[in-house]
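Everything on this sheet refers to the single structure shown next.
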Amino acid sequence: MGRGGALPVDTAFDGQSSKFWRVRASNQSTGIGVATEGAYAGKLVHYDQSGNQVLLRAFGVNYYDAFLRYLRNSNDTTFVEGFSYLQEHKIPVIRVMAAGYSPKDWLLYFTNKQEYYRRLDYFVAQAEQYGVGLIVDSFFSITTVGEIVDDAVAAGILTPGVNFVPDNPLNIDINGVPTYAEYTRDLGRPDSGSNEFISYYMREVVSRYAGSPAIWGWEFSNENNNMVDHPELKLTRKRDTGNGMTLPSTSLDTNVLPAWTGPDDLTRADVAVAKANFASTIRSIDTWRLIMSGDSRPRTAAYHNWKFHNWRMDNRAELAQVLPVDNPAPMDTVTVHIYSQNPSTNSTEIYFPTNNPITLQWLTGQYKELFDYFIQESTTLSRPLIIGEWGTTGDGTTADEKTTFHRFMQALIDSGVQISLLWDFDSRNNQMTNTWWIQTGMVPGYPESPKLYQITNTDTNLWDLEQVNRTYGSW
């Protein structure tokens, strides 16, 4: 199909509800965007029914696997109960992985695209029905993109030598068979299959859903900045063949060569190419909605990792140079994930140790000061700051955890962060039991968790999401 495979820009069909989403030249009547002029310039706004800009304030949640479990099992529509609960408790927006995680999760897309989109249509339609905004993360696991290029070729979506220039010679998979699958660093080649698939898929998805009022914005990936310029990344490389990772480790995986010379050792420059490609593709169709990188907070040595491949701590001016590289135009936000430090680790991690240090310690962390720093730097770029993930570890039962949660929430309020997204609502990730789960008790086998107080509680001295949205929310 090559470049001709996307749905027409003017109309997209929802097979579940038999309704049409229409894409307009300017999509400002729905969704969330960044004002470019006037009193709200550089701020997140939406439009009211009279066509007036309204400054946004929304405290939402991550609903990480809401679509993934439906993608894996067409009978699992438990996200509908989740949407109903969020609506009841005045939580307006979720960040969701609205695609596959591992290569094997993309199998339905490549073998039965009609059914893939039937499920995604139904998911978006239910979000509309329950008034839940969606921040759509399309490539949550960035290592997956290159691996599925071979599947895109086999499905006729990409044509080697036409849509992208293949490696020469081709890579060899774990079975010794030639493959068009690419290593992660191919994200840095504009003519790679990875970048062509990103463009192809986003043309389809944005054309299909940019007219939906449920779509607040688009996100590239999850915390890919944690994977770049890492002096010791060679210690963390692995291949998960069970999830469809087909490319083998290479002879560069040694403790002798610098990590950033390997085909799976990303640099900021590599990911910046893919991010700009992602955002430019969206902007060619959707001129309005916010676009996010999905990045975590930069490592405390991010600048020195980038420039010198060492662990010297950054000062404020050095870290500020990282942010526009990690959030390249036409992305129009700055995204960070920030968590309080787990007290069990006795961590004393410090930002900017040589000038106005900031800590993220459990009961004494200077959360607002760090938010203020990132807001200041994002404002310099004429962009809003989004806290894409935040939270407190623990089983939800101790007073100091609740105190820390309350302090963190107060810092979000006082610093003026416009969108913050708590991790993680209604999860099925068994590795996070009693640590991050916020379970409602609606689904059999998943009892109500002690951390549900974070959404609604009976202690009027502690903030919860329902209370803070009723007090400060505007959407």
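Each value in this text was obtained by applying a stated rule to the coordinates, not by laboratory testing. Given the structure is predicted, the values throughout are model-derived calculations rather than measurements. Here the Cβ positions follow ideal geometry from the backbone for every residue, glycine too, while neighbour counts run over all protein chains shown.
Note: relative contact order over the range 30-165, using C-alpha pairs below 8 Å and six or more positions apart, is 21 percent. Compute the Cα gyration tensor for the range 38-92, then decide on rounded, prolate or oblate, letting a ≥ b ≥ c be the square roots of its eigenvalues: rounded whenever a/c is under 1.5, prolate when a/b is larger than b/c in the other cases, and oblate in all that remain. Since a/c reaches 1.5 and a/b is larger than b/c, the shape of the range 38-92 is classed as prolate. Between Asn315 and Lys113, what is the label-to-label distance in nm when each label sits 7 Å out along the Cα-to-Cβ direction? For Asn315 paired with Lys113, the spin-label model returns 5.3 nm. Residues Glu223, Glu232 in ascending order of nearby Cβ atoms (within 10 Å, fewest first): Glu232, Glu223. For the range 369-475, a crude dipole built from +1 on the beta carbon of Lys and Arg and -1 on the beta carbon of Asp and Glu, taken about the Cα centre, is about 200 debye to the nearest 20.
Over the Cα atoms of the range 280-433, the radius of gyration divided by the Kirkwood radius equals 0.98; this is the Rg/Rh ratio. Quick check: the distance between the Cα centres of the range 167-228 and the range 315-335, to the nearest angstrom? So the separation of the two Cα centres works out to 22 Å. Cross-chain or 8 or more residues apart, Cα under 20 Å: how many lysine pairs in the chain fit that? Count them up, please. Lysine pairs, 8 or more places apart or on different chains, close enough: 9. The H on the amide N of Gly42, modeled in the peptide plane, is under 5 Å from the matching H of Ala35, Thr36, Glu37, each at least 5 residues off or on a different chain.
At full extension, Thr403 and Ser284 could sit 38.3 nm farther apart than now, given 0.36 nm per residue minus the alpha carbon distance. Each eigenvalue of the Cα gyration tensor of the range 72-126, multiplied by 5 and square-rooted, gives one semi-axis; in descending order these are 24, 12, 9 Å.
Based only on the alpha carbon positions, what is the Kirkwood hydrodynamic radius of the range 323-377, in angstrom? With all distinct Cα pairs of the range 323-377 included, I get 12.6 Å.
Between the residues Asn315, Ala274, Thr393, the greatest Cα displacement towards the positive end of the dipole of the range 2-472, with unit charges on the Cβ of Lys, Arg, Asp and Glu, is found for Ala274.
Net charge in the neighbourhood of Asp151 (other residues with Cβ under 14 Å of its Cβ; Lys, Arg +1, Asp, Glu -1) is -4. Averaging Cα coordinates gives a centre for the range 355-392 and one for the range 415-475; these two points are 21 Å apart.
For the range 139-211, the Kirkwood radius over C-alpha pairs fed into Stokes-Einstein at 4 °C and 1.567 mPa s yields D = 103 µm² per second. Labels on offer are (1) 1.01; (2) 0.95; (3) 2.23, and the one holding Cα Rg over 2.2 N^0.38 Å computed from this structure is (2).
Which FRET efficiency, nearest 0.05, do Gln49 and Ser84 yield, Cβ-Cβ r, R0 35 Å?
Details: r = 24 Å, r/R0 = 0.70.
My answer for the efficiency is 0.90.
Of Trp216, Trp436, Trp423, the sequence from fewest to most neighbouring Cβ atoms within 10 angstrom is Trp423, Trp436, Trp216. What is the range 154-194 by shape, rounded, prolate or oblate, if you read a ≥ b ≥ c off the alpha carbon gyration tensor as root eigenvalues and call it rounded for a/c under 1.5, prolate for a/b larger than b/c, and oblate otherwise? Oblate, because a/c is 1.5 or more while a/b does not exceed b/c. Placing unit charges on the Cβ atoms only, positive for Lys and Arg and negative for Asp and Glu, gives the chain a dipole magnitude near 580 debye about its Cα centre. Charge tally for Asp464 (other residues, Cβ to Cβ under 15 Å; Lys, Arg +1; Asp, Glu -1): 0. Taking other Cβ atoms within 10 Å as a rough exposure proxy, Ser212, Ser415 sort from fewest to most as Ser415, Ser212. Based on C-alpha pairs under 8 angstrom that are at least 6 apart in sequence, the range 2-472 has a relative contact order of 17 percent.
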